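Sharing a structure, written as structure tokens. Questions coming.
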Amino acid sequence: MKIGYARVSSASQDYQGQVDALEAAGCDKIYSEKISGKTTERRQFKRLMKDLTPGDIVVVAKLDRMARSSRDLHNILHDIEKEGCNFVSLGESWCNTTTSVGRLMVSIMAGIAQFERELTRQRCDEGLERARAMGVKFGRKPKLSLFQMEEAKKMLEAGESQSEVGRLLGVSHQTIGRL
């Protein structure tokens, strides 16, 4: 059975064009919703995934109606395949897991996406190293100055409790405990 999925991001948009394309493609059932693709709480999409039976084909008018990123698409395609089903995008003919060429293209595109992610991570790491070399400090700024830390240590050595020292310096006893 061909099962269609149509989505638009806001209530002011109309998904009827997608529904028409899915009907023309022979979809027996169509799930549609008006919700942002950013949210993970897409009720109709979850219903579609729950209702899948082996051999079904999930059809979308365009990939961006199904997934927000290549990683998201890869995860969705994995879940569809796990159910023994296939996937077809009408707008991107290369994305068709019902054929061996389509599966190859999806694998190639997933590989390219992975490569891009690794390049991005590598560039970020290099940028962080350059910043550290220039003396940039990362993370949250200390709540206490060096002088306050020394004073807190002296108070603790004098027998004050961590809670008392924290209250005097305006921080929690856990902050004092980490000194």
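Of (1) among the acidic types (Asp, Glu); (2) assigned to a helix (DSSP H, G or I); (3) closer than 14 Å to ARG7 by Cα; (4) under 23 Å from the mean Cα position of the chain (by Cα), ASP20 satisfies all except one. Which?
Single failed check for ASP20: (4).
Moving on. From the set of residues in the range 140-179 that are within 41 Å of the chain's Cα centre (by Cα) and hydrophobic (A, V, I, L, M, F, W, C), which is surrounded by the fewest Cβ atoms within 10 Å (Cβ to Cβ)?
Among those residues, the one meeting the criterion is LEU146.
Let me ask you something else. Across the range 62-91, which residue is surrounded by the most Cβ atoms within 10 Å (Cβ to Cβ) among those that are in contact with a helix residue (DSSP H, G or I) (Cβ under 9 Å, 6 or more places away or on another chain), of a type in the set (Lys, Arg) and closer than 23 Å to ASP20 by Cα?
Among those that are in contact with a helix residue (DSSP H, G or I) (Cβ under 9 Å, 6 or more places away or on another chain), of a type in the set (Lys, Arg) and closer than 23 Å to ASP20 by Cα, it is ARG65.
Residue check, VAL58 against (1) over 19 Å from ASP72 (Cβ atoms); (2) within 24 Å of the chain's Cα centre (by Cα); (3) crowded, with 17+ Cβ neighbours inside 10 Å, all met but one. Which one?
(1)
Right, next: If I filter the range 25-55 down to residues being closer than 20 Å to GLU92 by Cα and without any contact (Cβ under 8 Å) to a residue 40 or more places away in the chain, which single residue comes out as farthest from the chain's Cα centre (by Cα)?
Selected residue: GLY26.
Assess whether GLU92 counts as being in contact (Cβ under 8 Å) with a residue 24 or more places away in the chain and assigned by TED's automatic domain parsing to the domain that holds ALA6.
Considered against the rule, which asks whether it is in contact (Cβ under 8 Å) with a residue 24 or more places away in the chain and assigned by TED's automatic domain parsing to the domain that holds ALA6, GLU92 comes out as yes.
Name the pairs: first residue in the range 129-158 and part of a loop (DSSP other than H, G, I, E, B), second residue of a type in the set (Gly, Ala, Ser) and surrounded by 13 or more Cβ atoms within 10 Å (Cβ to Cβ), Cβ to Cβ under 9 Å, at least 6 apart or on different chains?
LYS143/SER172; LEU144/ALA152
Criterion first (in contact with a Leu (Cβ under 9 Å, 6 or more places away or on another chain) and farther than 30 Å from MET66 by Cα) does VAL106 satisfy it? It would help to see each step written out before you state the result.
Working: in contact with a Leu (Cβ under 9 Å, 6 or more places away or on another chain): yes; farther than 30 Å from MET66 by Cα: no.
Judged against the criteria, VAL106 is not a match.
Output the number of residues of the range 34-54 satisfying the condition of being farther than 22 Å from GLY84 by Cβ and of a type in the set (A, V, I, L, M, F, W, C).
1
Right, something else. When both residues are 6+ apart or on different chains and their Cβ atoms are under 6 Å apart, which pairs have a first residue that lies in the range 1-24 and is closer than 11 Å to VAL58 by Cα, and a second that is part of a loop (DSSP other than H, G, I, E, B) and among the acidic types (Asp, Glu)?
MET1/ASP28; MET1/ASP56; LYS2/ASP28; ILE3/ASP56
Within the range 63-85, can you find the residues that are over 12 Å from GLY4 (Cβ atoms), modelled with pLDDT under 90 and in a loop (DSSP other than H, G, I, E, B)?
ALA67, ARG68, SER69
Would you check which residues across the range 7-51 are acidic (Asp, Glu) and either farther than 15 Å from MET66 by Cβ or surrounded by 18 or more Cβ atoms within 10 Å (Cβ to Cβ) (or both) and list them? Talk me through it step by step, then tell me what you get.
Kept after step one, since they are acidic (Asp, Glu), are these residues of the range 7-51: 14, 20, 23, 28, 33, 41, 51.
Matches in the range 7-51: ASP14, ASP20, GLU23, ASP28, GLU41, ASP51.
Which one of these is at pLDDT 90 or above, out of contact with any Ser or Thr (no Cβ under 7 Å at 6 or more places or on another chain) and aliphatic (A, V, I, L, M): VAL101, VAL88?
One residue alone meets the criteria, VAL101.
Now a separate question. State yes or no: is LEU104 in the same structural domain as VAL19 (by TED's automatic domain parsing), in contact (Cβ under 8 Å) with a residue 60 or more places away in the chain and more than 21 Å from the chain's Cα centre (by Cα)?
Spelling it out, it is not the case that LEU104 is in the same structural domain as VAL19 (by TED's automatic domain parsing), in contact (Cβ under 8 Å) with a residue 60 or more places away in the chain and more than 21 Å from the chain's Cα centre (by Cα).
The values are calculated or read from the model by the stated rules, or taken from the named source; none is laboratory data. For clarity, every value in this text was computed on a predicted model and none was experimentally measured. Using ideal geometry, Cβ is built from the backbone for each residue, glycine included, and neighbour counts are taken over all protein chains shown.
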